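The values are calculated or read from the model by the stated rules, or taken from the named source; none is laboratory data. These numbers were taken from a predicted model, which means no experiment stands behind them. Backbone-built Cβ (ideal geometry, glycine too); neighbour counts: all protein chains shown.
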Amino acid sequence: MENKTDIRDKLARVLSDIGNPLIVITMLYFFVSYVEKYPAKDVFMFLMWTTLIVGLMLVASALWVKIRRNLPNMDIIEREDRYLPYLASFVGYLILWLLAPARLPEYPMLHSVVVSVMLGVLICGIVNLRWKISFHGFSMGLFSSFVYHYNHLWGVLFLIFTIIIGWSRVHKKVHTWAQVFAGGILGFMLGFISIKLIVG
C-alpha cells in the first residue's frame, strides 16, 4: 500500500499538470467562446493562429532551455531559465494582438483574454528579473476572473481551485506560497481590469 507521501506526490503532479498555463489559457479561450456563443469557425481559426504563433515560439524557446540546461522535463524551475520563454510568449502574443485587431473587436471577451495574457507574460517576465512568480498561479487567477465575471459564486469556487493548484506547485517545491499568490492575484486583477476596459 502506498504511503501518504506517495499519494500526495502523485496528486501534486496531476494537479500541476491540470494547472499547466498552456492548458488553462486554451480552456479559457474555449470557456469564453462557449459562454459568449462566438462562432466555432472563428474560434477555431483564432486558436489555430494562437497555437502557431504563440505556442510554437514558447515551445521552441522552452525546448532550447531544456536542451541547453539538460533538464529532465519541460518544467523550467530556475528563475534564470525562464527569461527566454517569457520573452518568446510576450512577442508571440504581441504579434497575435497586432495581426488580429480587425477581428478582435468583434469578440471583446477574447480580446480581453489576449490583452490579459500578453500583459501578464510581460509583467511576470519583468518580475522574474528579480523574483520568481508562478505562471500557473497567474493563469488560474486569470481564468477565475473570467468565471467571476459571469458568475460570482463559481468565480469564488474557481479561486479555491486556484489555491489547490497552488498547493501542488508548493508541494513540488517549484514555488513558494508567496509566488503562487502573487501570480494568482496578478492574473485575477489583469483579467478583471481588461474585462472592464475592453468589454465595459
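Laid out as a table, the results:
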{"quantity": "Candidates SER139, SER144, filtered to the one that is in contact with a Pro (Cβ under 6 Å, 6 or more places away or on another chain), surrounded by 20 or more Cβ atoms within 10 Å (Cβ to Cβ) and modelled with pLDDT of 90 or more", "calculated": "SER139"}
{"quantity": "Lone qualifier among ALA100, ALA88 - being under 22 Å from TYR38 (Cβ atoms) and either small (Gly, Ala, Ser) or in contact (Cβ under 8 Å) with a residue 60 or more places away in the chain (or both)", "calculated": "ALA100"}
{"quantity": "Any hit, the stretch 89-100, residues being polar (S, T, N, Q) and either surrounded by 15 or more Cβ atoms within 10 Å (Cβ to Cβ) or touching a helix residue (DSSP H, G or I) at 6+ places or on another chain (Cβ under 6 Å) (or both)", "calculated": "yes"}
{"quantity": "Residue that is assigned to a helix (DSSP H, G or I), under 15 Å from ILE18 (Cβ atoms), of a type in the set (A, V, I, L, M) and at pLDDT 95 or above, where the choices are ILE123, ILE165", "calculated": "ILE165"}
{"quantity": "Of residues in the stretch 69-87 being within 16 Å of SER139 (Cβ to Cβ) and either among the hydrophobic types (A, V, I, L, M, F, W, C) or part of a helix (DSSP H, G or I) (or both), the one modelled with the lowest pLDDT", "calculated": "MET74"}
{"quantity": "Selected residue [of a type outside the set (A, V, I, L, M), part of a helix (DSSP H, G or I) and closer than 20 Å to VAL43 by Cα] from SER139, SER145", "calculated": "SER139"}
{"quantity": "Selection status of LYS66, surrounded by fewer than 14 Cβ atoms within 10 Å (Cβ to Cβ), among the basic types (Lys, Arg), in a helix (DSSP H, G or I) and out of contact with any helix residue (DSSP H, G or I) (no Cβ under 8 Å at 6 or more places or on another chain)", "calculated": "no"}
{"quantity": "Residue selected from the stretch 104-140 under the condition small (Gly, Ala, Ser) and in contact (Cβ under 8 Å) with a residue 60 or more places away in the chain, by the criterion farthest from TYR29 (Cα to Cα)", "calculated": "GLY120"}
{"quantity": "Some residue of the stretch 28-37 being in contact (Cβ under 8 Å) with a residue 60 or more places away in the chain, under 30 Å from ARG130 (Cβ atoms), surrounded by 15 or more Cβ atoms within 10 Å (Cβ to Cβ) and not aromatic (Phe, Trp, Tyr)", "calculated": "yes"}
{"quantity": "Residue ranges of helices (runs of 4 or more DSSP H) in the stretch 1-62 with at least 2 members under 13 Å from ILE165 (Cα atoms) and either touching a helix residue (DSSP H, G or I) at 6+ places or on another chain (Cβ under 7 Å) or at pLDDT below 85 (or both)", "calculated": "4-18, 21-36"}
